[in-house]
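To start, the structure under review is shown below, and the notes come after it.
Nothing in this text is a laboratory measurement; each read-out follows from the coordinates by a stated rule. Keep in mind that what you see is a predicted model, and the values were worked out from it rather than measured. As a convention, Cβ positions derive from the backbone with ideal geometry for all residues, glycine included, and neighbour counts pool all protein chains shown.
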Amino acid sequence: TPMADPEDLHELMHLYFELEDPLERDALFEQIAASKSDETTEFLRSMLEHDEDAFVRASAAGELAQRGDEAGLKALFEDLQDPEEPYFFENAVLELSKLLGPAFYDQLLPVWKNPEAAMYQRIGAMEAMEQLDSPRALKEWQQYIENIKGAEDFSDELVEVAILAFVRHDRKEALASLVSLQQRLNLWFDDIDEQQELAALIDEGIALLSEE
């Protein structure tokens, strides 16, 4: 996007608040955000604090964070910990991953381990952890599989994410952990249908990892 000169930028900022069509506002937002001027930063701070549209506030937070602005970073971390809905969590993870890189891994760790977090948060954290530091994430999830002691510890959704990651990275070391988990399943679930469904999930992972 060509960068606007200061006078045009000022006009774009005024125009932004007059537009009602969300797509037109989004396009204009991108034009304004392309400028790295102090005036644009102030405009973004104003949007973050006062815009009624939560999606606009999230976009402003991402742009501000990229400029090293504390208010933007704070807003993203708030969306990471207590998002209004999945989009805001996903946006925070995306922006903070770009901004902090592998250092962000340690802040995702408690999210995926938190049994009180929504499942989309735990899975989203796992997916980002794999992108940021796959060897460490795979080791983490193998330990998780090995530490499942009963039905109350077992989440088919988290186990499935872990298994798919093992297969993607051809982590043969996880094979014994999955075989052991498969053997322990019979002790935990009285419901035969549930037991068979979970067994099929683990069987598929074992079969794929066993391929040469």
- Query: Relative to the Cα centre, what is the charge dipole magnitude of the chain, using +1 at the beta carbon of each Lys and Arg, -1 at the beta carbon of each Asp and Glu, and rounding to the nearest 20 debye?
  - Reply: 1240 debye
- Length-normalised contact order for the stretch 111-174 - Cα pairs under 8 Å, 6+ apart - percent: 28 percent
- Message: Binning at 5 angstrom from zero up to the longest distance, how are the C-alpha pair distances of the stretch 50-135 distributed in percent?
- Response: 3, 16, 28, 25, 17, 8, 3, 0, 0
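Can you give the FRET efficiency for Phe55 and Arg168, using 1/(1 + (r/R0)^6), R0 = 35 Å, r = Cβ-Cβ distance, to the nearest 0.05?
Efficiency computed from Cβ-Cβ geometry: 0.65.
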- Item | Dmax and Rg, reported as Rg then Dmax, of the stretch 94-212 (C-alpha, Å) | 14.7, 47
- Helical mean residue ellipticity (222 nm; -39500 (n - 2.57) per DSSP H run of 4+; nearest 500) of the chain: -24000 deg cm²/dmol
- How are the C-alpha pair distances of the stretch 21-93 spread across 5 Å bins, as whole percents from the shortest bin up? 3, 18, 29, 26, 17, 7, 1
- Item | Where labels lie 7 Å past Cα in the beta-carbon direction, separation of Leu187 and Arg45 in nm | 5.9 nm
